[in-house]
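Written out below as structure tokens is the structure these notes cover.
Bear in mind that the values in this text are calculations on the coordinates, not laboratory data. Computed from a predicted structure; not experimentally measured. Cβ placement follows ideal geometry from the backbone for every residue including glycine, while neighbour counts extend to all protein chains displayed.
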Amino acid sequence: MAQSKYNNNEEMLGAGTFGAVYKHWSTSRKVFLARKVFQNAKDFNDEYTWYAKCAQLAMTDGRSSCVVAMLGVLNNELVRPAIDMELAKESLWSVAFHDDGSQSNCLALVDAAAVHNVLVDCLSGLGFLHDVVGISHNDIKPQNLLLFNNGKTKICDLGLCTELRAE
């Protein structure tokens, strides 16, 4: 796990090409959130567009609960742009692999029912993105499947999504 900090006190949860995600304390909500801080405004705008569309359509389809919810944005000239999202317990990657990439015992997925639940949630989230939002995720991998305390698995990182073409 990366131990880099943001704003001197926020633990880095992960990093990628377009930015990094930090564990952020929200003083207004009084909870920890996941704050994705982007390298540039274009990448922020691309991902924000898809999260905003998901939020707009979430009331129409229960499968939206399998996509991480956007809780706020930070977008001004004083700081790098950021999106605040639900904070998960861990990613599927962190459950299945050690920091060095070697396979773990995967204790969270010891039975068929647990694996089934992860797959159902993942497919539900992808169905919502495809059928309702009209986008393809294009980056499904264990790091982008988040496990929550309530047993729910949710898809995150909409940065590489593309709009589906009408047929």
Of everything in the stretch 145-167, what is assigned to a loop (DSSP other than H, G, I, E, B), acidic (Asp, Glu) and over 13 Å from the mean Cα position of the chain (by Cα)? Give them in sequence order.
Glu167
Need pairs with beta-carbon distance below 7 Å; first residue more than 11 Å from Cys122 (Cα to Cα) and within the stretch 140-166, second small (Gly, Ala, Ser); sequence gap 6+ or separate chains.
Gln143/Gly14; Gln143/Ser91; Phe148/Ala88; Cys161/Ser136; Thr162/Ser136; Glu163/Gly134; Leu164/Gly134; Leu164/Ser136
Going through the stretch 143-161 one residue at a time, which ones are over 19 Å from Gly19 (Cβ atoms) and surrounded by fewer than 21 Cβ atoms within 10 Å (Cβ to Cβ)?
Phe148, Asn149, Asn150, Gly151, Lys152
Tell me, which strands (runs of 3 or more DSSP E) wholly within the stretch 5-117 include 3 or more residues that are aliphatic (A, V, I, L, M)?
10-15, 31-38, 70-74, 82-85
Do we find that Phe97 is among the aromatic types (Phe, Trp, Tyr), more than 14 Å from the chain's Cα centre (by Cα) and closer than 17 Å to Asn149 by Cα in this structure?
no
